[in-house]
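Here the structure is laid out as structure tokens; the discussion comes afterwards.
FYI, it's all coordinate maths here, none of it is from the lab. Only a predicted model underlies this, so the values are computations on that prediction, with no experimental measurement involved. All Cβ positions, glycine included, derive from the backbone under ideal geometry; neighbour counts span all protein chains shown.
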Amino acid sequence: MIVVIADDISGAAELAGVAFERGFAAEVQTRFDPESEAEIVAVDTNTRQLPPEKAAARVSVVARAAAGARPSLIYKKTDSVLRGAIIPEIDGILRVTHRQRSLLIPANPSRGRIIRGGEYFVNGIPLAETEFANDPTHPAWTSNVLELLGPSIRGGTSAVRATDAMFDSGVTVPDVTDAKDLRRRAAEVTDSVAPAGGAEFFGALLDRHVARSSPPSVGPAPSSGANGDACERTLLVCGSAAAWKAGRKTQAARRGLACSIMPPELELAAHDDALAELSVSQWAADACAGMEECGGAMIAVGRAERLGAHPEALSKRLAEAVKLTIANTKAARLLLEGGATARAVIDAMGWTRFATIGAIEGLSWLRPGDAGPALLIKPGSYDWPEAV
């Protein structure tokens, strides 16, 4: 077994997809279960928004349980643009696994996310000059990776050039600009090194150490096979302000999806359960009508600018509306955009384990148990693949 520890559900799902594309049986969990028969288990600790101390403590508990299952590898999935309590979480894993050093590679070169000279770039633009500088909880206030990450208590955090050796302790973050750099660094991972980073480094590790010769066929969305028309119904859930600003409403409409936006009065009353219940029901009814008319719909918070409600309150109400919509339409496919949104929906539905049943361009199709819709979860900072 290989265990992936991710700080949000979209990251866990992303790496399950990377594994599936290489021929591995993969599972996503929200609570670690060592009895899984999957070869790769990706666990969401849901720590992206937690303070560093609490995030490290929760990750340490999961890492200790994972180490007890004696996996061949524990991989710490981090946000590709360095959001969250990355170093404290890595330190927690180092402590409970009795390792002294970690190799951290968050860069995903094929998506234009690289590190050069210790600075992070997205499609050639310094990170601090991109939309990530406006992230509401983890703004990229600098492009310097060491300044963003902070020091490791296990021996410091160090940035090195692409061909330099990693340090004997602490966290080493090398320059990575292409797939060749990823392959070179994957070859350096031994039993004494705790690997961490993004999807492409994980893929390079699988290719280097445990590659399969015959990956499964991958492709378009699976259907439930339950009953004719329902197999065609797809619900897209967008809780991301950045995605909305990027034109998600126009993209959905172009593909024939009805669009149901959170009523303004619900956002203003997001903390009031009594006032919100009726608005949620009406919102879900509007989404159901769109599903019936068009065969697919997008349900979204809408608006790049918020009216004042906290993001967690908005996610809760969005999840409630999604739950009602699924119950009344029997959607066969559920597309979830962004880790916080996806986790809110998953918790509302009571799902904790997902088998990976397909993959498409690095994203994994998941099935919760023997029933329910097929889920596709996308990190909020990427666009949907054109094939989706």
inquiry  = Compute a Gaussian network model of the chain, connecting alpha carbons closer than 10 Å, and tell me which residue from 290, 117, 239 fluctuates the most.
reply    = 117
remark   = Across 20 Å bins beginning at 0, the whole-percent shares of Cα-Cα pair distances in the chain come to 29, 58, 13, 0
Sequence ranges 172-178, 189-195, 38-44, ranked by mean other-Cβ count within 10 angstrom, highest first = 38-44, 172-178, 189-195
remark   = Loop-resident trypsin sites (Lys or Arg not before Pro) in the stretch 285-367 with no more than 14 other Cβ atoms inside 10 Å, DSSP not H/G/I/E/B, are 303, 306
ask   = Can you give the extra length, in nm with one decimal, that the chain gains between residue 179 and residue 69 once fully stretched, where that is 0.36 nm per residue apart less the Cα-Cα distance?
value = 36.5 nm
key: Enclosed volume per residue, in Å³, of the convex hull spanned by Cα atoms of the stretch 1-154   = 109
task = With the Cα gyration tensor of the stretch 98-193 in hand, give its eigenvalues times 5 under a square root as the equivalent ellipsoid semi-axes, listed largest first in whole angstrom.
result = 23, 17, 10
query = Taking R0 as 30 Å, what's the FRET efficiency between residue 265 and residue 31 from their Cβ-Cβ distance, rounded to 0.05?
reply = 0.25
Alpha-carbon Debye profile of the stretch 101-151, log10 I(q)/I(0) at 0.19 Å⁻¹ = -0.62
query = Pairing the Cα long axis of helix 311-329 with the longest principal axis of the chain, what angle in degrees results, from 0 to 90 and rounded to the nearest 10?
reply = 60
query = For the chain, what does -39500 (n - 2.57) per DSSP helix run (n ≥ 4), summed and divided by total residues, give at 222 nm, in deg cm²/dmol to the nearest 500?
reply = -10500 deg cm²/dmol
request  = For the stretch 114-211, state which trypsin sites (Lys or Arg not before Pro) are in a DSSP loop and have at most 16 other beta carbons lying within 10 Å of their beta carbon.
outcome  = 161
ask   = Karplus couplings for the stretch 342-355 from phi (6.51 cos²θ - 1.76 cosθ + 1.60, θ = phi - 60°), rounded to Hz, Gly and Pro as x?
value = 4, 5, 4, 5, 4, 5, 4, 7, x, 7, 10, 9, 9, 7
ask   = Mind checking Rg over Rh on the stretch 228-378, alpha carbons, Kirkwood formula for Rh?
value = 0.94
inquiry  = On a 25 Å Cα-Cα criterion, which of the cross-link pairs 76/316; 180/245; 54/77; 76/330 come out too long?
reply    = 76/316; 180/245; 76/330
remark   = Among the stretch 83-118, those whose backbone N falls under 16 Å of a label point 7 Å along Cα→Cβ from residue 168 are 99-102
